[in-house]
Amino acid sequence: MRFFKLTHGGLQPRFGAGSSLDARAPWSYAARMTAPEIIDALSFADEETTLEALDAADAQRVALTPRLIEALEQAATRKADAAEETVELAGYALYLLAKWREKSAAPALLKLFSLPDTEALELLGDIPIEDGPILLASICAPDALRTLFENPRPHDGIRASALIALGVLTEWNEWPRADLSNYLTKVLRGEVPAKPIGYLVGEAALLVAYLEFPELLGPARVALRKWKDDEDILESEEFEGFLAETDGLRREKFRAENRPIEDVAAAIAWWGEEDDEDDEESERAAPYVAPNVPSRNAPCPCGSGKKYKNCCAP
């Protein structure tokens, strides 16, 4: 069973709230796991063995890296026909390769995230949107991120992740703020991408607010007014609401939400949260149904012919 979750339902997560992700202990077996054993565990195994594999992966990084990149390639190439274990492994590969800042994985990652429309989301669920900015920033260079953002084929949410990833690189001091400011100016003016989309303009405006570019507040407001009739655009009132937060706090919040991955198990803990909430909501909403208990003098339902009170009644 795949562990990812689409926002609109579908693929289900492996981990959820209350799993042993929240209280891991040192794994005696993890230190002895070989690279092939780790690959098998991340492709097929149960939760405990998967956690052991994640714990052991760093020691086998050199051997694992080409196999994890291959999993991304296979998922991107076979798409809907990819074996379930290939997609399962590809999900973990994204986080391990991002943790290791493995730049050689960039072509495979970009190929996967560049699949048309919702294909990447159908494979990976919410991962490219929820953690896409961190994954992309950890592996890809700014030029590659701009290319992904300007590519009209992927889902708009993935394109937004590429734009946000540029902001992440800036906050990690790996891309100059001046370069990001210049690029956001082009996005707000409608110069890039070739066919501007209101939703992406709104994402650029949010970066202006979160990363505190005072010189871009005017262009952001103009852009939001220009696109106000687009149903997916960020509303001007919401934009002003973000600006109402104290300077420094917005940027600090962005940094806190986009830290480099240090612990893969902790990074993927969100995979099951929404499903757990849905299950709890269903349980609360279910009406009480009284058990069908026969009267004590009725024939016993077991078929003995005796009265219920003289047979199976407690």
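The numbers here are math on the coordinates, done by the rules we state, and not lab data. Every value quoted in this text rests on a predicted model; they were computed, and no experiment measured them. Every residue, glycine among them, receives a Cβ derived from its backbone with ideal geometry; neighbour counts consider all protein chains shown.
Each of the peptides 260-271, 204-215 was scored by the mean count of other Cβ atoms within 10 Å over its residues; in descending order, highest first, they stand as 204-215, 260-271.
Ordering 162, 139, 190 by the projection of their Cα atoms onto the charge dipole of region 81-206, which places +1 on the Cβ of Lys and Arg and -1 on the Cβ of Asp and Glu, puts 190 at the extreme positive end.
How would you rank 51, 124, going from fewest to most other Cβ atoms within 10 Å of each one's own Cβ? Provide the component values of the computation, followed by the final result.
On the way: 51 22, 124 26.
In increasing order of surrounding Cβ atoms, one gets 51, 124.
Which order do peptides 92-99, 67-74 fall in by mean Cβ count within 10 Å, highest first? Intermediate values should be presented prior to the final figure.
Details: 92-99: 24.9, 67-74: 20.6.
Order by mean packing, descending: 92-99, 67-74.
Using the average count of surrounding beta-carbon atoms within 10 Å as a protection proxy, the listed peptides 81-87, 130-136 rank, highest first, as 130-136, 81-87.
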